[in-house]
Structures are given as C-alpha cells and as structure tokens.
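Below is one structure, written out as structure tokens, with a few remarks after it.
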Protein chains: 2
Amino acid sequence: MTQTLDHPVETPEATPEQRTDAWLTAFEAALRDRDVERAAGMFAATSFWRDLVAFSWNITTVENPDGVAGLLTSTLAATDPTSFATEEPPTEADGVITAWFGFETAVGRGRGLLRLVEENGDLKAWTFLTTLYELKGHEEPRGPARPLGAEHGANKDRTTWLERREAEEAELGVSTQPFVLVVGGGQGGIALGARLRQLGVPALVIDKHARPGDQWRGRYKSLCLHDPVWYDHLPYLKFPDNWPVFAPKDKIGDWLESYTKVMEVPYWSSTVATRASYSEGSADSGGGEWTVEIEREGKPLTLRPKQLVLATGMSGKPNLPSFPGMDVFRGDQHHSSAHPGPDAYAGKRCVVIGSNNSAFDICGALWEYGADVTMVQRSSTHIVKSDTLMDIGLGDLYSERAVAAGVTTEKADLIFASLPYRIMHEFQIPLYEQMAERDKDFYDRLEKAGFELDWGEDGSGLFMKYLRRGSGYYIDVGAAELVANGEVRLAHGQVDHLTEDAVVLSDGTVLPADLVVYATGYGSMNGWAADLISQETADTVGKVWGLGSDTTKDPGPWEGEQRNMWKPTQQPGLWFHGGNLHQSRHYSLYLALQLKARQVGIPTPVYNLPEVHHLD
Amino acid sequence: MTQTLDHPVETPEATPEQRTDAWLTAFEAALRDRDVERAAGMFAATSFWRDLVAFSWNITTVENPDGVAGLLTSTLAATDPTSFATEEPPTEADGVITAWFGFETAVGRGRGLLRLVEENGDLKAWTFLTTLYELKGHEEPRGPARPLGAEHGANKDRTTWLERREAEEAELGVSTQPFVLVVGGGQGGIALGARLRQLGVPALVIDKHARPGDQWRGRYKSLCLHDPVWYDHLPYLKFPDNWPVFAPKDKIGDWLESYTKVMEVPYWSSTVATRASYSEGSADSGGGEWTVEIEREGKPLTLRPKQLVLATGMSGKPNLPSFPGMDVFRGDQHHSSAHPGPDAYAGKRCVVIGSNNSAFDICGALWEYGADVTMVQRSSTHIVKSDTLMDIGLGDLYSERAVAAGVTTEKADLIFASLPYRIMHEFQIPLYEQMAERDKDFYDRLEKAGFELDWGEDGSGLFMKYLRRGSGYYIDVGAAELVANGEVRLAHGQVDHLTEDAVVLSDGTVLPADLVVYATGYGSMNGWAADLISQETADTVGKVWGLGSDTTKDPGPWEGEQRNMWKPTQQPGLWFHGGNLHQSRHYSLYLALQLKARQVGIPTPVYNLPEVHHLD
C-alpha cells in the first residue's frame, strides 16, 4: 500500500462509480477541512476547472493544481461547498471516467461534470465543470412547485391574473422601476427576460422593432437558421418535434413573439434607449444605479434600473468601411445588415464586398432573382457544408441521434461547457479533417474556381473561429456551388475606390455596379456601450467576445473565456448578453442567477475579473 | 398436459413478459389463420375490447367472446393485423398482467394496452385496447422525419416559407377548398386543426370570435380551468413546467392564440357559418360534399368541404328556460353562458337559478363583488373539492406524481382509454367513497345549510356524471363554503314565474332580484346541427354525448361509448368534436386519422355504427 489518506481509496477492481465516489468523497473532505493544497493535489498536472458562477461568481476557467489552489484560496470559505454526489452511474472509456454530479454551496445548488484520469497510479481530475443552477430560497416555481393559478376560496379582494398583469404593465417604468433593464429583445434578451421572470427579478426588455421576432423577420427573405433545431431551443419551452431542422426566419420570428407572450416576458416594442449613465451609489442606497433615457413609441421616459444588460447582438455594430468615392457612387449601397433582399435587383449588376456567411447568403439570393453578381474576396474564408457540419460537428450533442441516446438539450449544454477552451481546438481539428475528407470534391472545385479557402489558423475550423472572432466562415447551404461553377463571379483583393457606377479594386479591376453590398462584418459589442453610455465606459469594459487565442482578430493574452460575455465587467452594473440561440439559452441561466443574487443581496464576490487588454 | 395448441403455452414459472408474449403470439396466429372462434376464445367470459379506429374505423367497445367474434368477423380480413409485440416489460399485480403492445394493420400502425387474467387455468384477455396512431405512407413529419426548413442549394424558383404561407392563405376558400371545415375554434377545433395540418389534410377552422382564445377570454373574469395542467396539454406542444396547475382563462386564451400561430393552424377569426347542406355525390365525384355559407368579417362566402366537423362546444346550445313573466322582468337576465361577470352588480340583488359549476362560480364571483346573492337549487348536486378530486381522482394518471412515475400524458391517455365504460363506475365508486370520507366535515356543513347533495345515482361521482350527462356537479374551488356558511343564500324548488322585480318559486317564495342568471345548462350538440343544417339532419344524427347508462339525462339503451363523438354519425360527412382539454387532445388524433383516410381514399368500412334512439 503506497496510498496515503490524501488520496482516494481505490482498488483496480473498483467500478467507475466506486472510484468516482471515492474521489468526490475525498475532495469534499479536503474542501470541508479548508485544505486547499490537498484539494488542488487531486487535480492532474494538466487540468481544467471551469466554474459557471458556483464558486467564482464569474465565468472562469483555472488550470492545473496551481490554478485550482488560487480559485479555492479566494472562494472556498464563502462558497462552503458540500454534498458532492454522482447523479447517475459514471462511465469509463479510453481511460477517462466521466461523471455527472450534484453539489451544494452556501447559497445554492449546482451540477457538474467531472472527468477523471489516472496519473502516477492515482485518480485525478482532468476536467472539472461546476455550474450553479439555483439559489436556495429562490428556486423557480416549476414542476411540483408550479403556481396554483386558481385562487381557491372566496375572497372579496380577489384580483385576477389579467388584472394583475395589466396593473403590472401600467406601473412598470412609471411608479415601479425594473431592477434589470435589458436593451435588445432578440433571442438573447427574450431568453434572459424569461429567466428573470421565473426568478422574480423585476425586469424589462426593450427593443426598437415593432414586434418581438422582427429582428429576424426584417432580414433577407430566404434566410433560415444556420444552426439546427436541437441546438436552438429556448429555456422552458422546447420547439415541438415537428419543428424544421433549420427554421425559416419568419417562423422563428413568430415563435419568439409567441414565446414572449406565453412566458410573460415584460417587453416593450418600438422602444429605443438613447442615453445611459451610471452613478455609484452608497451602500445605504442599495449600490449604484443607471439613468437610462428611452423613447417608447416616440415618447421620452427615464428608467432607473440597477443593472443594465446590453443584448443588442453579439455581432456588435456594423462595420461600414469608408472607401473613397462612396459619396459619388450613384447606385444603391448598404451594409449587409441593411440589405433589403434581392427583389429590386433582378438584372442588375451587384457587387458584394466580402466572402463570409452574409456575403454568400446575399450573393445566392441575388443570383436566384436573376441579378448579375460578383463577390469580392478580400481574405481567405473557411467553408463547411451545412449537412456535414451538422453530422460531424454537432451530431453527438445536438441531433435526433443525440436525443435518442438520452443526450437532452440540458445535458448537451453541460457537456459542451465542460470542454476547456484551452484545448478545445485539439478536439475540433480531427473533426474538420474528417469534413475536408468527406467533401474533398467540393473543396477541389472551389479552389479550382479561384476561391481562397482556410480552415482556421490551426485547422480547428468553424466553431473555434466563432468563439475567437465570430467571423471568417460560411456554413454552406448552397451558394458556394454558385462560386464554384462561376454563376457568381469571383474577384480578389482590396477595394481601392468607387466611381459613379463601379467598384475599383487595388489591382485596377473595375467592377461595374448598380448595387454594392458591404458584407464587411461587425465591431465589438462594446461599441454599443460607446453609443449608449460613453466612449470612456466602452474603454473601461474593453473588447467583447474572443478568447485571447492570439489568432487573427482575437489578440492575446489568453483569457480562457469569452471576453465580457454573461459575467461581470469592469463597469459595475453593466453586462453583455447574446450569441447564438444555444448561448442565449444556456448562458442566460448564469446571467440571470448573477442578477438575482444582486437583487436579493446575496454577496457575490467576483473571482478573477479579467483585466482589459483591448479596447475594441 | 391438458393444454391444447389453441392456448398460449405457459408454465407457472413463466414471467409476465413470457406469458404475455405467448398470448400475443397465439392471438396473432389465430388472426392470421382468420380463425375468429379461436381468437374470440382467448378472451375471458367477461371481457372488453375497445377499439379506437384500428379495426372498426369507429370508436367502439365490444364485450365478451361473442362481441369479439362479431367484431373480428366483420373486420379481420380488411384489417389484416400483424406484428403484435410488447413495447416494454409487462407488469403483474393482483392477478392481472398489464402489457403495452404495438401492432400493425394493412393500412396503419397501432398501439394497445392489454390486461390478462387467469380463467380456468388459462390466460385470457380481460381488457383489450387497440388504437391506431398513424397511417402507413402518411406518417407525420416529426422527429427524424421533421422537415428540413431551409431549402439548400441555389434555385431560381425558390419560394420562402412566408411566401408559401401567404399564398396558401390567399387561396384558401377562394381558389382552393378545404377538405375539412371545422366550425368552432376553441381547444377542440384548434387541436384538431393542428393534427390535420400535420397530416397534410387541407382544412380550415372558423370561429365567430375576434381572436383564438376569445372563447375563454370572454367568460367571467375569475374563471380558471377546473382541470389541472397535466390533464390539459394540447397535442405536440406541452405547457412549460412553470404553467399553473389551474390556468386562468386569459392565460389559456393567450396560449391557444400562440398555439394556433406556431402550429400554423389555418384559422379564420370573426367568421360564422350561417347555413350548410349536404349533397350526396357519385363515387366518380369523390363522394358527397357540403355547401357551407359563411360570413367572414361580415362578407359572405361559400365553402365546399367534403367533411364538416362541429366543434362548437360539447355543452351544446344554452338551455334558456321560458318562465312566465320573463318578458315583464325589468332587471338584467341572461343564460350563464352570457353572464358578463360581477362588475356591474355590487350591492345588487342577484338570483342564480341552478346549482352546478356555472351557478357556483357565478355566485362566488358576485358575492366577492358585494352583491346580495341567492342560489336556487332545483335538484341535488354532486360536489367535490378540487384538491381532493385532483389527488384521489386524477393523481395516478395526471399529476406531478404521475409524471415522476413515468406516466407521460400519452400513456395516461391510453390507460384512461383502456378502462371500459361498462365497468368504469365500479372503479370510480371507491374513489368517491374516499373523497366523502376525507371531506366529511365539509359535506356535513353543506347539508346542515340545507344543500341537497348527491354522488351520482350509483355513487360513482363526478367523472361518470360528466361522461353520462355532462352536468350535475360542481368542482368546488371555494364557493361551496359561501353556501355552507350562509353568505350565499339558498332557496329550493322550481321557478313558477317572474314578476317585474322578483323570481317567484312554486312554493310561493318571492326572491327580489335586480339580476337573474339562468345557470340552466345546455342541450345536446345536435342542436348545433339543427341550427346550421336542418332539424332533419339533427334528428338523423340524434343525441350527442352520453353512454346510454339509463341514468338521469342519459337514457338507455347502453351505447358503450360517447354518442356521436369523434366518430362517424348517421349523417355522412358530419362529425362532432370537443369535450374538455383532455378529450380534445386525445380524441382529435382518432378523428384526424379518420378524416385523413377519407382524404386519401383509404377504405374505411365502419363497424357497429350505432342506431339513433334519442333525438336530443
């Protein structure tokens, strides 16, 4: 026996369940003893602890025993974690034990996913995910705790559900203030609004459009979601099982509108925030407060929320380039986000600057309407075929196959969250190698047509590009074929200037044009903060999105998490929320719990609030 | 060995699964051999086979080996049933083996629930439920078969989802005709409309109200559903798990409206059918056709559906009594269905004629508004407390407890459907004895206050009353207490006449009144057919609802199923649909499959179409 009491008791014959139980028991004992060193010693030399709000009141990943020790030193006493226990029998494959577990903290209940490996004969944590899912005393009224609805008995002061809803609507923003103001009511704002509603946090979602869902309805008419249905569910209410794999934009619009209604999300349409400022408050006054000037259906109003969430789109503000001659060009020109669709451009000469998702979608739709289309590729693009991506890239977690194998959306989200960003590319690279192999003929034809392809700087493909920079790729739903076969013409290089009726490239190529679409991407979300609050505040917060991977458009140093998303920023009371439907669903939970804790005065000491390295 | 080959091979040691498999194998063999006698001999002397559309193209129950033989003689050849197999391990309790099984017919796939008992040493079927759930070649596009949504590739003739929806809406009723017209767009019409949509049956739901859900919104304001959430799900899209146990009427209204939208139910609001007539068609012309005159937002239009479904409310047309003096009464008077709610009656003298659900709800709401309320009890009423009913009456099938035990809504519906109506009261009586015991004090106080209680003629309680007559009870949510403690006054007897300002009872009692509400119930649903089509057609169809139990308001002879509901009637092309949310959900499946079969020309020979014994 070389084991010491510091190590989990194990024998070669022990089942994965027994071995996991032993590890969890020993880990909990070390935590109970506040023995940081012992606990940290239970992690492998290369290991990752990702915490979603449970220990850190942050979304953060620490690495290796040193990182674990740092996290625990700062958070252990206040977190007081207990009751670690597996939730189902762990599984073992390829020398890795994977275990779902539950735990409690001083203030809440959590769930996690643990991967154990053998290192020098001992079982050690390789990846450790801890997530908070509810606050004690503030559990959501669901299932057995759902509201009764009817108020039984006879009561002369009875008010009905409708009367209460109407009174709440009449008072909100007038005699009562939202604790949280969410600016932007797309899927992000709506999902967060639904969660805050369930948690009893007074909140208000405002959006400039006339109806929930118009964020989608207003886009080009052939648009369908690029992510599949299993990836796209909103919280609480899943799409029915007749829902299309890739929902058309207007159908998603209708769903969001219905969802907002039935989930009772407090939502003001046709409302814009024009100005916001923050005043630090005293402890007596309940902390700082925002003053937000809004216009609701054109009428000005001032709101005073404690917390301000910008959910105005993870793509941030449109990057409209300024090329010489844009002022003399006589045709139509607009950023891709303002493109009205192809209807008016049949037979017209259309030049689309850019070669990513928007550029391809717009080129394809223009071609279908009989326009003469040229795409200007300024840098290489990563392309994957939608079917292939769904099958190889998402199939294990988000697919009919995954559902049949018992991988619920909730489980898939946590499995996904448990893969450390630091090493995620290593898992992604072989998937994209498979995709390149499967669709080799397609890629050969694209290259033959002169299209410049890439697979990300390290070959890690689409999802890493999304996480790192949110751009640089096209999920092919058909338009790539038009480039490959020359139906959509391809030009290369930078734009030098525009004339009255053409785009001129640096090499002198003249592209006659009745329409120029600038599919030139978006800036960082802190641009929204600059517009609404101040450049100073935007700079305080710094760049939003990206991992610090030191690749194109994602400068280092390494951050290990999406910058400033769904977690505290350097600006008190200011939050960023959004991303695709998956992120809007999953991360809205942690953002909602952070906001709930602040509303009810649960202390939320933030561990590891990142420094700001980049302003945009 | 006394066994013959006619009997399942079994040994005392066999598991329930083996014994069930043996029974199913032997049964299928008998069916394959078209040996009706052998198959019928596998049923117990007292036994029940309930078939929902799978064998009979009807909703029918046959009894005992004779009944089974009759059903099989008529249906076996065309049905060609095969592939009987358990879907999960059968269970055994109290000498009864319960088994879920699947099977196929010549045209579809079915699911059933079988209860086996030992009789003279052999295993025999005691109850046998067969249900059709899909037609081969016409499976619903769900799960792995869901639509793709996006149309990948480049296509110059591409139309978008929105364009197709708009075109469909513009053409429906103008250049295209619905195969099915559903008159009435409450939960029944909407659930059926959703199923027909999924099955690809061209259909149209019309409703007189301005918006889907107004059927609920327009009722008295304190109304909440009397059935709990687990019982109320619509097809395809379940209520989220934060949904109230008893949903307030306006919340249900919003849900129905959203559901109609997201399930893409073709639905015309503000539309009434004014006249309908049927013309028998030749076989060449595809059979008969309805000519239905409608007014859509006031504009007349003629529709020509092949099938007409009346989903105008199982309670049928309001029974407005005609008492002498109603013409001289100067106050307000209306049927309970037209009661606007209590707001205008604070301090007023209100007399409510009747003592069932509507009467109690209206008395309670009037009292809460400070009205002076008298209830006139004309006959005894069955009362159960809502909590008690939920717990004892529904808890095993429709509750959080049932969900936790794996009893999904779909399973609960089939378990419920598997209990033969003939003996259902025997299972109900002990439940109501329990309820009487639990709430003894409550009933004692009611009786002390003079209220005349009953438990149904055979003590079988509320659900049997619902099935037999659809009336005669109150699910107490609080108002009974007001009668028990005298806050709502009680009067007894029949109404003799009204004066200018009072209701006078047969015993001479004068009840001064500013308002008289006639909570006097509803007639049979064939009254709708009389109004819309003709009295002759209403008489051809006969009474709708009831089992033929030979109890009050449900005259014999025994029918064994709800008369004329969800199944063929004596009038070709005319159907009745509705009931509570549970029935609207579950039976809409069988009605939709019957309509789909007719649309695509699958032969639907109806077994056991009942004779008409009662006109209303």
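See the values below:
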quantity: Among the residues listed as A:GLY186, A:GLY218, A:GLY213, A:GLY200, the single one being more than 14 Å from chain B (Cβ to nearest Cβ) and within 24 Å of the chain's Cα centre (by Cα); calculated: A:GLY186
quantity: Within region A:183-207, tally of residues that are in a strand (DSSP E or B) and touching an Asp or Glu at 6+ places or on another chain (Cβ under 9 Å); calculated: 1
quantity: Filtered residues of region A:72-86 (kept if in contact with a helix residue (DSSP H, G or I) (Cβ under 6 Å, 6 or more places away or on another chain) and assigned to a helix (DSSP H, G or I)); calculated: A:LEU72, A:THR73
quantity: Cross-chain or 6+ apart pairs with Cβ under 8 Å, region A:444-473 first and within 15 Å of A:TYR421 (Cβ to Cβ), then basic (Lys, Arg); calculated: A:GLY456/A:LYS465; A:ARG468/A:LYS553; A:ARG469/A:LYS553
quantity: Unmet criterion (only one of (1) under 30 Å from B:LYS221 (Cα atoms); (2) in contact (Cβ under 8 Å) with a residue 60 or more places away in the chain) for B:GLY288; calculated: (1)
quantity: Per-region count, region A:360-402, residues within 16 Å of A:PHE463 (Cα to Cα), within 12 Å of chain B (Cβ to nearest Cβ) and in contact with a Pro (Cβ under 7 Å, 6 or more places away or on another chain); calculated: 1
quantity: Residue list for region A:148-180, filter: assigned to a loop (DSSP other than H, G, I, E, B), on the phi < 0 side of the Ramachandran plot and either of a type in the set (Val, Ile, Thr) or more than 7 Å from chain B (Cβ to nearest Cβ) (or both); calculated: A:GLU151, A:ASP157, A:THR159, A:THR160, A:VAL174, A:SER175, A:GLN177, A:PRO178, A:PHE179
quantity: Scan of region B:343-359 for residues that are buried (at least 20 other Cβ atoms within 10 Å of the Cβ) and away from chain A (no Cβ under 14 Å), ordered by number; calculated: B:CYS350, B:VAL351, B:VAL352, B:ILE353, B:GLY354, B:SER355, B:ASN356, B:SER358, B:ALA359
quantity: Which numbered condition A:ALA145 fails, given (1) within 14 Å of another protein chain (Cβ to nearest Cβ); (2) hydrophobic (A, V, I, L, M, F, W, C); (3) out of contact with any Asp or Glu (no Cβ under 9 Å at 6 or more places or on another chain); calculated: (3)
quantity: Search result, residues across region A:155-212 that are surrounded by 24 or more Cβ atoms within 10 Å (Cβ to Cβ) and free of Cβ contacts under 8 Å to residues at least 60 places away in the same chain; calculated: A:PRO212
quantity: Residue among B:LEU547, B:LEU609 that is part of a loop (DSSP other than H, G, I, E, B) and surrounded by fewer than 19 Cβ atoms within 10 Å (Cβ to Cβ); calculated: B:LEU609
quantity: Scan of region B:326-342 for residues that are part of a loop (DSSP other than H, G, I, E, B) and either in contact (Cβ under 8 Å) with a residue 12 or more places away in the chain or crowded, with 19+ Cβ neighbours inside 10 Å (or both), ordered by number; calculated: B:MET326, B:VAL328, B:PHE329, B:ARG330, B:GLY331, B:HIS339, B:PRO340, B:GLY341, B:PRO342
quantity: Matching residues in region B:519-566 - criterion: being free of Cβ contacts under 8 Å to residues at least 60 places away in the same chain and at positive phi; calculated: B:ASP550, B:ASN564
quantity: Residue list for region A:463-476, restricted to those being in contact with a Phe, Trp or Tyr (Cβ under 8 Å, 6 or more places away or on another chain) and within 14 Å of chain B (Cβ to nearest Cβ); calculated: A:TYR474, A:ASP476
quantity: Residues within region A:517-528 that are at pLDDT below 95 and not in a loop (DSSP other than H, G, I, E, B), tallied; calculated: 4
quantity: Helices (runs of 4 or more DSSP H) wholly inside region B:401-516 containing at least 1 residues that are within 26 Å of A:LYS156 (Cβ to Cβ) and of a type in the set (D, E, K, R); calculated: B:440-448, B:479-484
quantity: Counted residues, region B:236-275 - those being more than 9 Å from every other protein chain (Cβ to nearest Cβ) and in contact with a His (Cβ under 9 Å, 6 or more places away or on another chain); calculated: 2
quantity: Residues that are closer than 30 Å to A:ASP476 by Cα and of a type in the set (Asp, Glu), drawn from region B:140-195; calculated: B:GLU140, B:GLU151, B:ASP157, B:GLU163, B:GLU166, B:GLU168
quantity: Test: residue in region B:579-598 that is among the charged types (D, E, K, R) and out of contact with any strand residue (DSSP E or B) (no Cβ under 8 Å at 6 or more places or on another chain); calculated: yes
quantity: Complete set of residues in region B:11-56 that are more than 17 Å from B:ALA77 (Cβ to Cβ) and aromatic (Phe, Trp, Tyr); calculated: B:TRP23, B:PHE43, B:PHE48, B:TRP49
quantity: Qualifying positions in region B:208-220 - in a loop (DSSP other than H, G, I, E, B) and either within 27 Å of A:ARG197 (Cβ to Cβ) or not basic (Lys, Arg) (or both); calculated: B:HIS209, B:ALA210, B:ARG211, B:PRO212, B:GLY213, B:GLY218, B:ARG219, B:TYR220
quantity: Residue among A:SER269, A:SER258 that is touching a helix residue (DSSP H, G or I) at 6+ places or on another chain (Cβ under 9 Å), within 29 Å of A:GLY470 (Cβ to Cβ), of a type in the set (S, T, N, Q) and in contact (Cβ under 8 Å) with a residue 24 or more places away in the chain; calculated: A:SER269
quantity: Criterion violated by A:LYS208 - all others in (1) among the charged types (D, E, K, R); (2) in contact with a Gly (Cβ under 9 Å, 6 or more places away or on another chain); (3) within 12 Å of chain B (Cβ to nearest Cβ) satisfied; calculated: (3)
quantity: Which listed residue is closer than 15 Å to B:PHE128 by Cβ and part of a helix (DSSP H, G or I), from B:ALA44, B:ALA69, B:ALA22; calculated: B:ALA69
quantity: Lone qualifier among A:ALA39, A:ALA54 - being in a helix (DSSP H, G or I) and surrounded by 23 or more Cβ atoms within 10 Å (Cβ to Cβ); calculated: A:ALA39
quantity: Given (1) at pLDDT 95 or above; (2) touching a Gly at 6+ places or on another chain (Cβ under 7 Å), index of the condition B:CYS224 fails; calculated: (1)
quantity: Residues of region B:117-140 satisfying the condition of being in a strand (DSSP E or B) and under 28 Å from the mean Cα position of the chain (by Cα); calculated: B:ALA125, B:TRP126, B:THR127, B:PHE128, B:LEU129, B:THR130, B:THR131, B:LEU132, B:TYR133, B:GLU134, B:LEU135
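The values are calculated or read from the model by the stated rules, or taken from the named source; none is laboratory data. Being a predicted model, the structure only gives us computed values, none of them experimental. Reconstructed Cβ throughout: ideal geometry from the backbone, glycine too, with neighbour counts over all protein chains shown.
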